[in-house]
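A.B. asks: Sharing a structure, written as structure tokens. Questions coming.
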Amino acid sequence: MSALGHLKIVSQLLDLPIIDKDERSCGIVDDVELEGRPGKEMKVAALLVGPGAYDGRMPAWLLWLTRQIAGDRMARVPADATAYAHRSKPMLVNVAAFYQGEADRETRRTWVMEFAKRLQPNDDSAYVGFLTDDGEARIRGAYPGSTWYRLVKIKSTYDPTNLFRLNQNIRPPGS
């Protein structure tokens, strides 16, 4: 079977409900672990179901990366259903760098910003959980268009004095 055939089988298994022998729901298939090599015989080694399915199956750094790449699962929720509006993106990437002391900070920050711009030259979108002190323009990148205005309206209703202003603040009008 070709690699495309294997991908087709895997995609057909995703989100498949798993029912035990007593007809109780065990969840849905989140991922499929394959054994073998492309071009050779491959078989399904495990159906991964639920939040702990990846634990112990891969290094922690790869587990973190895997959880950030959500693919079409993000797109199943309408963009205006939550504050996260970038659901049509195929993946979520965080570019970061470690630095030693304040003298090294700006050099690393510049590198991160330039590298991120090379990855997304025509896209200013952002995930608010990855932002630091990037300023309002980057926060607006996390909440584009109608999402921003919807959140400003919510902020105006529930926090008109801007009491909760730490982290990535959305200012209510007049604050």
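Readers should treat all values here as calculations from the given coordinates under stated rules, not as data from a laboratory. Every value quoted in this text rests on a predicted model; they were computed, and no experiment measured them. Here the Cβ is made from the backbone with ideal geometry for all residues, glycine too, and neighbour counts use every protein chain on show.
A.B. asks: So which chymotrypsin sites (Phe, Trp or Tyr not before Pro) in segment 132-175 are both in a DSSP loop and have at most 10 other Cβ atoms within 10 Å of their Cβ?
C.D. replies: Here no chymotrypsin sites (Phe, Trp or Tyr not before Pro) fit, given the DSSP loop and packing criteria.
A.B. asks: Please rank 30, 22, fewest neighbouring Cβ atoms within 10 Å first, as an exposure proxy.
C.D. replies: Working: 30 15, 22 5.
With the fewest neighbours first, 30, 22 line up as 22, 30.
A.B. asks: Extending each Cα 7 Å along its Cβ direction at residue 122 and residue 103, get the distance between those two points in nm, one decimal.
C.D. replies: 4.3
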